[in-house]
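Okay, so here's the structure we're looking at.
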Amino acid sequence: MRFALLLLTLLLTALPTARAQDAAAWGMVMQVAAPAVDPVWDSLVAYYPLDGTATDSTGNYTGTVTGATSSTNVPFAAAGTSYNFDASGDYITTTLAPNINPSATAYSMAAWIKTDSSANTLRLFLATAIGSNQRCYFSYDGTSEQLLYNTSDGSAADDLYSASGVSVLTWHHAAVVFDGSGDMLMYLNGVLENTLIGIDSYTTTGDLTIGALPGGSFGFFGQIDEVGIWNRATTSNEIYRIYSEQLTYP
């Protein structure tokens, strides 16, 4: 009985090797499944690692750098480099014209930011146009030292602030999510900070800029890195994972 069990064990052990040898003998290649892409990147529109260029990792919306300089100051070791903005005309213009309509479109934006000074003024890190004299922008408000998402459509009711303060000289992960039904959610360091229910309907028309408004006004003062744009509402778990696991687009 023991001999029979030993023989069976030896046969089972040799079977995979025998199959591989048979496949090689017939000129066959055994297929190995490719690793799946993390679902956090589903519906990603653009991703800017800002590693010395304004290249979009998806290959669709590469931008142009004006004034900003590459910096080795990064949020985590695997992030390569970031871009430094000195609030004096530095910005990155992309070719991405996001179609954001909060009452009808699900959309998400996220970035790592580190502000070097509060300076009692707005420091924009993501912005796009609504109309000729209107913008929506994700910013650091130096007066309150909080994150602010603002639509300059004349309605302060559409301003959304983070509940927590944003300290200077420290990297933070900032994200804003539109759920497609008129609600907006803001995250700071992976945690839901605030929610605005039923914001006004508007549709963005201009290309996305990083670090300031087009032309450089309301410029950011500090570093920006790993900017991601999705045309869906990323989940709370996904935002937390991007922050806590320091995920970057492959």
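The values are calculated or read from the model by the stated rules, or taken from the named source; none is laboratory data. As the structure is a prediction and not an experimental result, all values here were calculated from the model. Reconstructed Cβ throughout: ideal geometry from the backbone, glycine too, with neighbour counts over all protein chains shown.
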Only strands (runs of 3 or more DSSP E) wholly contained in segment 119-214 count here; list those with 1 or more residues that are polar (S, T, N, Q). 122-131, 134-141, 146-151, 191-196
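Yes or no, residue by residue, for (1) assigned by TED's automatic domain parsing to the domain that holds residue 233; (2) under 20 Å from residue 170 (Cα atoms); (3) hydroxyl-bearing (Ser, Thr, Tyr):
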{"site": "72", "(1), (2), (3)": "yes, yes, yes"}
{"site": "79", "(1), (2), (3)": "yes, yes, no"}
{"site": "92", "(1), (2), (3)": "yes, no, no"}
{"site": "99", "(1), (2), (3)": "yes, no, no"}
{"site": "103", "(1), (2), (3)": "yes, no, yes"}
Return the residues of segment 91-131 that are under 18 Å from residue 199 (Cα atoms) and β-branched (Val, Ile, Thr); say none if nothing qualifies. 100, 105, 128, 130
Exactly one of 164, 236, 217 is at pLDDT below 95 and in the same structural domain as residue 127 (by TED's automatic domain parsing), and that residue is 217
Yes or no: segment 80-102 includes at least one residue that is without any contact (Cβ under 8 Å) to a residue 12 or more places away in the chain and either part of a strand (DSSP E or B) or surrounded by fewer than 20 Cβ atoms within 10 Å (Cβ to Cβ) (or both). no
Odd one out for residue 43, checked against (1) modelled with pLDDT under 95; (2) exposed (fewer than 15 other Cβ atoms within 10 Å of the Cβ); (3) under 16 Å from the mean Cα position of the chain (by Cα): (1)
Could you please give the count of residues in segment 188-242 that are within 17 Å of residue 126 (Cα to Cα) and charged (D, E, K, R)? 3
State whether one or more residues within segment 225-246 are under 27 Å from residue 85 (Cα atoms) and without any contact (Cβ under 8 Å) to a residue 12 or more places away in the chain. yes
Going by the structure shown, is residue 127 at pLDDT 95 or above, of a type in the set (Gly, Ala, Ser) and within 16 Å of the chain's Cα centre (by Cα)? no
I need a count of the residues in segment 44-57 that are of a type outside the set (D, E, K, R), touching a residue at least 40 places away in the same chain (Cβ under 8 Å) and in a loop (DSSP other than H, G, I, E, B). 4
Of all residues being surrounded by fewer than 17 Cβ atoms within 10 Å (Cβ to Cβ) and within 25 Å of residue 37 (Cα to Cα) in segment 63-79, which is modelled with the highest pLDDT? Just the residue, please. 76
